[in-house]
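Working notes for the structure below.
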Amino acid sequence: MSPFIPLAFERLSPADSLARAEAFYATLRRRRSVRQFSSEPLPPGLVETLIHAAGTAPSGANQQPWRFVVVTDADLKQRLRAAAEAEEREFYAHRATAEWLADLEPLGTDWRKPFLEDAPVIVVVFRVDYERVGDKVRKHYYVHESVGIAVGLFLAAAHTAGLVTLTHTPSPMGFLNSVLRRPGNERPFVVIPLGYPADDAVVPDIHRKPLNAIIQYNDDAHEPG
Ligand SMILES: Cc1cc2nc3c(=O)[nH]c(=O)nc-3n(C[C@H](O)[C@H](O)[C@H](O)COP(=O)(O)O)c2cc1C
């Protein structure tokens, strides 16, 4: 068993708690998925700090089952784009159901993925399903949940740092293992172009559900009406 240490904890007043939560929400509500990127490079050290922040996520049995692959090389980005577009052409032409295409319609997306070359950095997140320790295989638990939380922290950190991201899931994603030469215990989770928006970037005019549609109180005091 690990030794225990005192918890480092800062107690806030109720007013400060509320103010910080409101400020965080005010920042996060401006986050948008961006599909038009400038090629302007990022300040040195920024990507590493964002990945550091993502790596603070909780994880099943503290196994931290994630790998963030940082791609900046122009040739490699070009190969990622070509492979992703080949899959996405198939997806939009054949694999997607009519219902799926209708759900994507308001976003204006299609098989073209120029952001995979335009963005200065592409972060490809892999889930690490198991690790080899000596001659043993150590299975990881709750990998999907753990990596999802880490990606959420990454997106929030990037937005807070003044960058924009896209959460991109080319379908299917198996090509990422070969293009990025990742081992078989790592499976692609999401592709995140990261950078600054193009000057003429636009986003779909879509809306988030109101609070009362996503919150459910389980006590009588909050019964509606
Ligand atoms: C798991 C996941 C997969 C996504 N995959 C794609 C994708 O492949 N291509 C894309 O353009 N957007 C993708 N998105 C972005 C969503 O379309 C976007 O988050 C949603 O429309 C809400 O817009 P917002 O992020 O600007 O609030 C994905 C988002 C999530 C969470």
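Coordinate-derived values only; no laboratory data. Predicted model only: the values in this text are computed from it and were never measured. FYI the Cβ positions are ideal-geometry reconstructions off the backbone, even for glycines, and counts take in every protein chain you see.
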Label zone at GLU131, where the point sits 7 Å out along the Cα-to-Cβ direction: the range 29-68 residues whose backbone N lies under 18 Å: 52-68
Of the DSSP H helices in the chain, those whose Cα atoms cover at least 18 Å axially and whose Kyte score averages 0.0 or more: 14-28, 143-160
Added length on full extension, which subtracts the Cα-Cα distance from 0.36 nm per residue, VAL202 to PHE24: 61.7 nm
Calculated log₁₀ intensity ratio I(q)/I(0) where the Debye formula runs over C-alpha points of the range 33-197, q = 0.14 Å⁻¹: -0.76
Stretch gain in nm, segment LEU7-THR56, where the contour uses 0.36 nm per residue and the Cα spacing is subtracted: 16.1 nm
Selected from LEU80, LEU155, LEU107 as most flexible by GNM, with the chain as the system and alpha-carbon contacts under 10 Å: LEU107
Alpha carbon centroid spacing (whole Å) that separates the range 1-68 from the range 154-182: 16
Per DSSP, loop GluC sites (Glu not before Pro) in the range 1-87 with at most 11 further Cβ within 10 Å: GLU10
GNM flexibility winner over the chain from ILE214, ILE192, ILE149 (Cα, springs under 10 Å): ILE214
Mean separation of Cα contacts under 8 Å, 6 or more apart, over the residue count of the chain: relative contact order %: 31
Helix-only mean residue ellipticity at 222 nm for the chain, each DSSP H run of n ≥ 4 adding -39500 (n - 2.57), per residue, nearest 500: -10500 deg cm²/dmol
